[in-house]
Each structure stands twice: as structure tokens, then as C-alpha cells.
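Written below as C-alpha cells is the structure these notes are about.
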Amino acid sequence: MPGSDPARDTPQHLVVVGGGMVAHRLVEALRDRDTDGTWDVTVLAEEPRAPYDRVALTSYFTGRDPEDLALGDAALWADPRVRLLRGEAVVGIDREARTVSTAAGRTFAYDHLVLATGSNAAVPPIPGNDLPGVFVYRTIDDVAALRGWVEEQRARWDRPVRGAVIGGGLLGLEAAGALQHLGAQPTIIQFGSHLMSAQVDLGGGHALQRLIQGLGLAVRCDTATSRIRANRRGTAGRLDFADGGRLDVDVVVLATGVRPRDELGRAAGLEVAARGGVVVDDACRTADPHVSAVGEVACIQGACIGLVAPGYAMAEIVVDRLLGGSAAFPGADTATKLKLAGVDVASFGDAFGRTEGSLEVVWADPVGGVYKKLVLADDARTLLGGVLVGDASAYTALRPMLGRELPGDPAAFLLPEGDPAAGGGLANLALPDDANVCSCNNVSAGTVRAAVTEHACTDVAAVKACTRAGTTCGSCLPLVKKLVTTELERAGVTVSNALCEHFDLSRAQLYDAVRVAGLTSFTDVLGRFGTDGASRGCDICKPVVVSILSTLAPAHVLDGERATLQDTNDHLMANMQKDGTYSVVPRMPGGEVTPEGLIVIGEIARDYGLYTKLTGGQRIDMFGARMEQLPDIWRRLVDAGFESGQAYGKSVRMVKSCVGSTWCRYGVQDSVGMAVRLELRYRGLRSPHKIKLGVSGCARECAEARSKDVGIIATEKGWNVYVGGNGGFTPRHARLLAEDLDDDALIRTVDRFLMYYVRTADRLQRTAPWVDDVEGGLDGVRAVVVEDSLGIGADLDAQMALHVGSYEDEWRATLEDPDKLRRFASFVNAPDTADPSLAYVAERGQVRPASPDERDHAVPEPVLVAGPSLEVRR
Amino acid sequence: MTTLPVTEVAAEAPAFSSVVWVSVCRFDDLVPERGAAALLPGPDSPGGHVQVALVRLLDGRVLAVDNHDPFSGANVLSRGIVGWRTVDGRPVPTLSSPLHKQVFSLETGTCLDTAGKAPLGGSGDLRTYPVRVVHDGQDDAGGLVQVGLPGDAR
């Protein structure tokens, strides 16, 4: 291929037509490998956005945002050698001049051209397929339009929205799941004899249909749709079937397959296959040496392949060839796994047993909804393929064994885990180094092992970054984790998750240890679990232990030994600011405050000269209070009915709310009422990091609840709960945990989520990374919190009940105890004297700390405004 | 004050050529393993004061270092967490800054962990001060805590 001459001074120019996942991989691989800078690349993308994870498109319905679907590191598009033009549709190729022209009238010259235009959703030639209310399911825009339509229909009818999905393949099932998620009742219309007939045999198809119906989705197989009829408004209203049946609908999704977008290649005179697709050789080249094609538009080895992993392989091959290599397409791995909540399906290799002499081992449990089949070569040992329905847990381990002899009895791999007859089949599987673990990114078991042994990776996150394994669909992560753990153990590396030099345990382990041992004091915890009973802890372990004890054995923050363990914020129950003074935040549950309350706060701020500002959590912060002033300030606040806002703690902070149905004309639930109820329930709960909650009264989400650790959004039927939203350094939107809960179910769910987090998160780990770390991610959290898969639900409930029952306002309790009040002395030899070094200047009508410069250059003294001696006491 | 039995509790010998002992508080006024600030005369210091952070350990030792945090410029070290760190195989009592978590040796004032930050000026280490506990009677609340300040400064 031309362009491989590294001696050239000026880089050559690569133009990629199309901005999908494969184009992204191609650019990523090129920038990764082209260290000499021999190629510049321009990506011409038709969609108005950077490449995104189309495989995860359905998750757009289940709480993820378009930006969550972004692929890889956004820095790729900032690379000076990479130019991404969005909304730039290519309309013509001039192979003579080696240029492409775009709809916008621009022309781009290339030294090499890659067609990565992908596919269009195929629209079957059914009359009525162009009516409003008929959709395809391919891009973010398709999904957004579908969502908009369904929401409109929902608002229109008193009954559930009726949906139909034409096509019972992988995409059709996902689309049906998405429709259901939007509150519609979908029926899947399948032309063939069973669902997913391209991947799954008849037995598997029947098991799958039972599972799908169990989710509340209707299925009609062997059904041809002859017409989509309009209703009176001229939108899709009814399906007519060839067998005379009919189905009333409000929305129709066409999911009958995809068609390669080969029109550019065809117009440019490149060879196009009979069933579509630009014909390429094993190097992904067309007959024109300056033009390649990759991904779904490429017809390679006689077929177009609508899966991402082979597309990635093609992208890597083109890059290799551009840089002078000789990589060739090895044949497609067409293994698939269905991404539909509650239904586990996988198909890999020769799933239909088409190989001559092949044998099938089948295990079916119709009651449990499980069907598993392995296809073996005539030696009854070599794995050729398989179908797993209802329990695909063996998929990640079995798929890399394709073409290899299975150790032991093949049947053992099909039996449920834990069945003694299984003999630990899967557990004993020792993958050969060249077995492919991550097919999306073509990472072998050996590469994963080498990441540990040669590149010093010590956890899954590092291995992911190093090898890219598990970074696309994530289905191989359990296997990657197992490989990494085994390799680390073999290397004798003990992965240290020790808290500090005083404890070998992680925070989560220590929490469990303290809970089981029933310990209630730091001294006991140190004596029992510390590395050295004589040592007395440090600034790392002391706050961790006191936080653990606060939920296991509740007591006042300043009780006895516990006071010595607290960070200064918890010790003085206020937030230390940069000059050593504190800020004071009284609790305002749900953001409600009375006029009388506002007046008291105003008077206090005025009397003590405090800088006053609204917080992001719908309350009021007063800055510049000195430690010796805190008891007097709080006495006035407590007298006025305020209590501690715990704004200083690693604890539940507040529950933000919109005004909700009591005032708002859009609200569907009383969000303020719920926010107040939740805030009064969880106030004071100590946790590994701060926790914020939010409640919105309708889907407009004015409370921005999805930026909170727990976000609650009202629906017509109840409440949806989202978890793991964080602001801060790495902002994250919360993701859907459970839907349409009534008040009690909502509280039980939030109780368990919070307590599970408190028990198992790492020190200073916020909820978003914690959810990622829980085995199984969000699904794993849901299993524990909603489905009680660990059987600890009652335990978590009891622990939360202990918290709620033992709550007291820690400021009120402090004011009643002279011993505790002694802690607020500014100086042990001058308890009421202000720190003489404090200096303030006026700004916008309030005070702020003087800068070092202002201190140094003020003549003769720093400008003191409302400083230590100027406050007015009541 | 009359003639008194004196317990020297500071581990280090005073670094000053002559020492003036200033009485600060009763030993029992100090909470074990939690710091306390003291405001002492410092004619050469800005404002005529020097602030000292006193820490009483469980073994009865009382240690004193600057209350001024060289990394933030605020007088806050007495409000940090008291802990222990192994330095050269030996446990050393420490004080951590409540603002940005730098860790200082209470015995030498050395900054053991800068937490990735640079001090505003100087070395980032703290000055230490000698401390003694003077017993002046039967019921003397554990004795009188005195901090040694440089005598040549006055």
C-alpha cells in the first residue's frame, strides 16, 4: 500500500468517510501506532457528533446521556494530526483526482481513502412504512425521535401506548425492551419461526420466547406484516398481517436488518456485492489501491458483517497496511450477546451445528427458562460453538475455547454453577495464552497476563487502560478480573488495600470486621485489628474508624475517645476555611426556610460580621466564624429551631428539591414533601464521602437530581430512583436503579442503597466509582439493593433503623454539655481571645479574608473590616 | 511560684541559648491526643504574639510546635489530627494540618509529608518548643504546663 515510506518529510493524508465506531477505532489505532507522524487524518462524519458507542444505544433509554456513549478519550479529537468534521456528509468520490466532495460543497484531497460509512437500517417494503409513528433504530437521533413520539403518545392516551416491533432479531429485541422502558406495551412481530433465528436454534428460540414473554413483551412468530394502516390523524394505527390478523398500534419500530451504505463506492465505480457492500480483499482493499473499506459497508470474504468486533479488526488491518505491515482479516468472530435487561442470551461459533460430523450437548430446564447447547467436533471434545439462553454466564469463559479441546466432560460446562456434578468445570478452565478474551478489542489471555507480569498492572482498571480489554462492551470483564487475580497471586504480588500503616485491611474489610466483632471503640478496633496494638493510629485511619463506628454503634461525635479521632470539621462541627475560621450551615430540609428563620440567620450574620452566601445545596452558608464564636452562634440558631446541617461531614448533606406538585403546574408528585421526609431520615448519616440527594417533581428535573448520589424523579405512577450521580472532579450522571416505586418502596430502596454504600465503599470513594467497583456494576448494586440477592436486606434495613432511631442534633447536644463546649476555646490560656492574625477586607458589601499582599502592604496595619473586635454581641 | 519539682517532658533539648519558661495551663486542661493552641508573648513576631500548638500524648508527654501552618499561612495546626508514623523503624508522634493534610513530626517539627504542596516560604518544617510540667502542690490538676521561649529574644 502506498504511503508506507517513512522517509517522506510531509505527512500523507488519510480521509475516512464515516464517523462511527469503526472509524473511531481506525483513528485511535493510527494515532497509537504512527509514531513517526507519516499520516494526517480527516474524518468526515455525517452525524452531528463525535463517534459514539452504538452498541450501547439502548442504554440511552435506561438513563445514560448521549455524552455517556462517547468512545475512548476525547483528547483523540484534539490531536493536531486528527481532524473530525461533524455534519459533513460526503456525496462524491473522484478517484482520478483523489478527492471527495461533501454536501456542504467542500472538497478534500486524499492519499488514501477509507470508506467506513456503515449501514442504514433496512426499511422493509411494507406499504405504510413512511407513516408518522414508524421508526427505525439505528442512531442517537432515531432513538431520540422514538422517545419523543412515545412520550407524546403517552400524554395523549389514558391507556398504555401500544407498540409493535417488526423484526425479532437482536436489534428488534433491544428495540422492544427500549419501548417497554418508555412505558409502551410492545409486541414483537417475527417473520421467522423463532426469535433471534440468525443466532439461536429452535430450542433456544423457544426458551428465549418464554423469557421475553415473562418480561411482559408479546411475541408473534411466523407472522408477515402486509401493511401499516394510518389512523384518523394520519399516523401509524394498525398492522395488518398476511394471515388475516391485525394489531392496533400507536408506534412501530422497523428492525428487520441493515443495508450497507455502499452508494458512494457504487457511484465511484468500485465493485459492489450482489447483496450490497463494497467488495474488499483480506487487506480490506478495494480494486483501487488508494481506497479501502472497513466495517459494515465492507463485503469481506463474501459477506457484510453487522458486528463491531470484526469492524475493529478491519480498522486495525488498514492501519497496519498504511504503516507498511501485512495484516490480513482472519475471519469474523460472530459471537453475540443480547443486551436486554433480564434476558441472558449468547451465541458463538457454529451455533447451528453445521460442521459435518458435529455433535451437540444440550441441557434444558424449561421451568427455570434455561437452554444451553454446546456444539462439539466429532471427537466430542473440541468446542465448535454454542447457544446459551437464560444463563449465559459461561459465555465469557467458553468463547475463547473455540476450536480447542475442553478439559473434562463437556456437560460439566452446562450445569448450573455450584452443582456438584459440574465439578467446577468453568472454574478449572485454564485459558491458553492465545485464547481471545476480549473480541471487541482483540485482546488475548496472554496479553492480559502480560499486562500484570510485564507492565506491572496490579488491578483490572490498570489492565483495561493498558490492553483495552473490556473497554467496549464489557462482557469479558469478569474473565479479565479472574485472569488478573490469578496472575497476581501467581506472581506472589499481594495487592495491598491496606488503609494505612496501622491497618492491613481496606475500609470495607474493616467495616465488616468491626461489625462482626461488635466493637464500639477505636482502642478496641486498634487492639483487635491493628497492625501494632501499641501504635495509636493516624490522620488516615482515625476518621475512617470513627465513621465506621458512627453507623455501627451510634454516639455523639464528641463522646469520649471519639472526639480525638475527628477531623477538625467534625470536631468543631463546622467547615474550616482557608484562614482557619469556619463556615456555618444550618439544616434547611428540602431547601425550605421560613421568613422568621431567614431573619434569625440575617441577624446572626450581621452581628458576627459573617460573609453570607447561598450554597449549591439550597441552604445558607455563613463564613468567617471563629471557633470560640461557634457555640454562641449555634445557641441562637438552635433557639430559633435550626439544627446542624452536617455540611462539614463526610455524611449525608442535604436533599435538593424542586417545588413540586404543591405549587408547580407541571409537577406530578410532592417533591418537597418527599425531600423533607428523606432529609429528616438520613440527616447525620456518616459515610465514606459526602452524599447528596435530590428529588424532582416531574421529568423536567428542575432539582437536577441526576447529578446527585441518589436522584429521585417523580413519575405518574410513583418515583424513579437514579444512583451514582456525582459532581466534583469527575462529573457523572446518576443511572436508573428502580422505577415507579411507591413512597415506602422508595424509602426502602434508598435505605438499602445508602447503607450498602456505607458498608462497602472505599475510603473517600464517592458513589459513582463505587457503583463501578461493585461486582456487576449497576446491575450488581440492583441485585443487592432491589432484589436482595445477598440476603442482607433486612440487615441493612435494621442498621438504617438504628441510625434513624438514634439521631440527635449534635449541636443541641453539645450546647447542653460544658465538657464538650470546652473544645471551642481559641487558646488554652486565653479561651475567648480571637486569633490576632485574622484580617479582612470589604468586598461587595461583605468581608473576605485579606490576601497576603493586602496584609503585607497595608500601612500601618491590615485593613480590618468587621474584624475580631468589631462584632456586636446580643 | 515557689521552688518546685520539675518534670522535663520534652524529648529534645531546647534549641535556644537561654530559655524563658512561660506558664500556659494545667496539665489536665490538655485533652490526650488532641491539640490545643496557646497564645504566647513574642516580641519579635508579627503582632507581638507567637502561637504554639500543644499536644499531650497518652504516655503523659507534652510536645509543642508552631501553630502556624507553613503551607497555608493559617494558625491551625493545633486543630489537626494527632497520629503516629513509622520513621526509620520507630513510631514518631505526628500532627497533620487540618487544611491540606501535611504531616509533621511532633518531636522534631520536620514535615514528613508535604501532600504534594510547597510551603509558602521557608523549609516547611515547624519550630519545636521545650515543654515542662511543674508540680506546685498536692492538688495541682496534673501540674503546670510551661513552654520554653527563647530567652535571648527579650
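The values are calculated or read from the model by the stated rules, or taken from the named source; none is laboratory data. Since this is a predicted model, take the numbers as computed values, not measurements. Cβ placement follows ideal geometry from the backbone for every residue including glycine, while neighbour counts extend to all protein chains displayed. Heavy atoms of the whole protein, side chains included, go into the accessibility calculation; ligands, DNA and RNA do not. Shrake-Rupley method; radii C 1.70, N 1.55, O 1.52, S 1.80 Å.
Going through (1) assigned to a strand (DSSP E or B); (2) surrounded by fewer than 19 Cβ atoms within 10 Å (Cβ to Cβ) one by one, residue A:327 falls short only on (1).
Residues that are among the hydrophobic types (A, V, I, L, M, F, W, C) and either more than 21 Å from residue A:260 (Cα to Cα) or surrounded by fewer than 13 Cβ atoms within 10 Å (Cβ to Cβ) (or both) within segment A:104-132 comprise A:104, A:108, A:109, A:131, listed in sequence order.
Taking residue A:801 as the residue in question, decide whether it is over 22 Å from residue A:575 (Cβ atoms), among the small types (Gly, Ala, Ser) and at pLDDT 95 or above. Here the answer is yes, as residue A:801 does meet what is asked.
When you check residue A:545 against the structure, is it touching a helix residue (DSSP H, G or I) at 6+ places or on another chain (Cβ under 8 Å), within 13 Å of chain B (Cβ to nearest Cβ) and open to solvent by less than 30 Å² (accessible area, probe 1.4 Å), yes or no?
Yes, satisfied.
Looking at residue A:648, is it open to solvent by 40 Å² or more (accessible area, probe 1.4 Å) and part of a loop (DSSP other than H, G, I, E, B)? No, not satisfied. With respect to the conditions (1) within 34 Å of the chain's Cα centre (by Cα); (2) assigned to a loop (DSSP other than H, G, I, E, B); (3) of a type in the set (A, V, I, L, M), residue A:593 lacks only one, and its number is (1).
Residue count for segment B:69-99, restricted to those that are touching a residue at least 24 places away in the same chain (Cβ under 8 Å), within 10 Å of chain A (Cβ to nearest Cβ) and either among the aliphatic types (A, V, I, L, M) or closer than 30 Å to residue A:853 by Cβ (or both): 13. Can you name the residue in segment B:30-47 that is in contact with a helix residue (DSSP H, G or I) (Cβ under 6 Å, 6 or more places away or on another chain) and within 11 Å of chain A (Cβ to nearest Cβ) and is also nearest to residue B:19 (Cα to Cα) among such residues? The qualifying residue nearest to residue B:19 (Cα to Cα) is B:37. Residues that are among the aliphatic types (A, V, I, L, M) and in a loop (DSSP other than H, G, I, E, B) were ranked within segment A:204-255; the one that is nearest to the chain's Cα centre (by Cα) is A:215.
Annotation note: of A:360, A:296, the sole residue that is in contact (Cβ under 8 Å) with a residue 12 or more places away in the chain and farther than 30 Å from residue A:34 by Cβ is A:360.
Summed over segment A:750-773, the residues that are under 18 Å from the mean Cα position of the chain (by Cα) and on the phi > 0 side of the Ramachandran plot give a count of 0. Of the residues in segment A:734-754, at least one is over 24 Å from residue A:551 (Cα atoms), touching a residue at least 24 places away in the same chain (Cβ under 8 Å) and in a loop (DSSP other than H, G, I, E, B). Check whether at least one residue in segment A:504-511 is away from chain B (no Cβ under 14 Å), among the basic types (Lys, Arg) and open to solvent by 60 Å² or more (accessible area, probe 1.4 Å), and report yes or no. Looking through segment A:504-511, none of the residues is away from chain B (no Cβ under 14 Å), among the basic types (Lys, Arg) and open to solvent by 60 Å² or more (accessible area, probe 1.4 Å). Annotation for segment A:819-832: no member residue is over 23 Å from residue A:740 (Cα atoms), more than 14 Å from chain B (Cβ to nearest Cβ), in contact with a helix residue (DSSP H, G or I) (Cβ under 6 Å, 6 or more places away or on another chain) and of a type outside the set (S, T, N, Q). Selection of first residues in segment A:765-791 that are under 19 Å from residue A:706 (Cβ atoms) and of second residues that are among the basic types (Lys, Arg), restricted to Cβ pairs under 6 Å at least 6 apart or on distinct chains, gives the following pairs, ordered by first then second residue: A:768/A:732; A:778/A:735; A:785/A:752. I'd like to know if segment B:39-50 contains one or more residues that are of a type outside the set (Val, Ile, Thr), at pLDDT 95 or above and crowded, with 23+ Cβ neighbours inside 10 Å. No: zero hits.
Residue A:304 falls short on exactly one of the conditions (1) closer than 22 Å to residue A:264 by Cβ; (2) open to solvent by 30 Å² or more (accessible area, probe 1.4 Å); (3) over 32 Å from the mean Cα position of the chain (by Cα), and that condition is (3). Within segment A:580-589, identify whether any single residue is at the interface with another protein chain (Cβ under 10 Å from one of its Cβ atoms) and open to solvent by 30 Å² or more (accessible area, probe 1.4 Å), and answer yes or no. No, segment A:580-589 has no match at all. Which members of segment B:53-67 meet the condition of being part of a strand (DSSP E or B) and at the interface with another protein chain (Cβ under 8 Å from one of its Cβ atoms)? B:54 - this is the single residue of segment B:53-67 that is part of a strand (DSSP E or B) and at the interface with another protein chain (Cβ under 8 Å from one of its Cβ atoms). Report whether or not residue B:50 is more than 10 Å from chain A (Cβ to nearest Cβ) and in contact with an Asp or Glu (Cβ under 9 Å, 6 or more places away or on another chain). Judged against the criteria, residue B:50 is a match. Within segment A:838-852, residues that are in a strand (DSSP E or B) have Cβ atoms under 9 Å from residues that are among the charged types (D, E, K, R) in these pairs: A:840/A:579; A:840/A:848; A:841/A:848; A:841/A:854; A:842/A:848; A:846/A:613; A:849/A:578; A:849/A:579, counting only partners at least 6 apart in sequence or on another chain. Against the condition surrounded by fewer than 17 Cβ atoms within 10 Å (Cβ to Cβ), within 14 Å of chain B (Cβ to nearest Cβ) and either at pLDDT 95 or above or in contact with a Pro (Cβ under 7 Å, 6 or more places away or on another chain) (or both), how does residue A:764 come out, does it pass? When the stated conditions are applied, residue A:764 passes them.
Number of residues in segment A:515-529 that are within 11 Å of chain B (Cβ to nearest Cβ) and either farther than 17 Å from residue A:571 by Cα or open to solvent by 50 Å² or more (accessible area, probe 1.4 Å) (or both) equals 2.
For segment B:109-127, state whether one or more residues are of a type in the set (Ser, Thr, Tyr) and touching a residue at least 60 places away in the same chain (Cβ under 8 Å).
no
Within segment A:561-575, residues that are within 8 Å of chain B (Cβ to nearest Cβ) reach partners that are acidic (Asp, Glu) with beta carbons closer than 7 Å, at six or more positions or on different chains, in the pairs A:564/B:33.
In segment A:274-296, of all residues being among the acidic types (Asp, Glu) and over 38 Å from the mean Cα position of the chain (by Cα), the one that is farthest from residue A:114 (Cα to Cα) corresponds to A:281.
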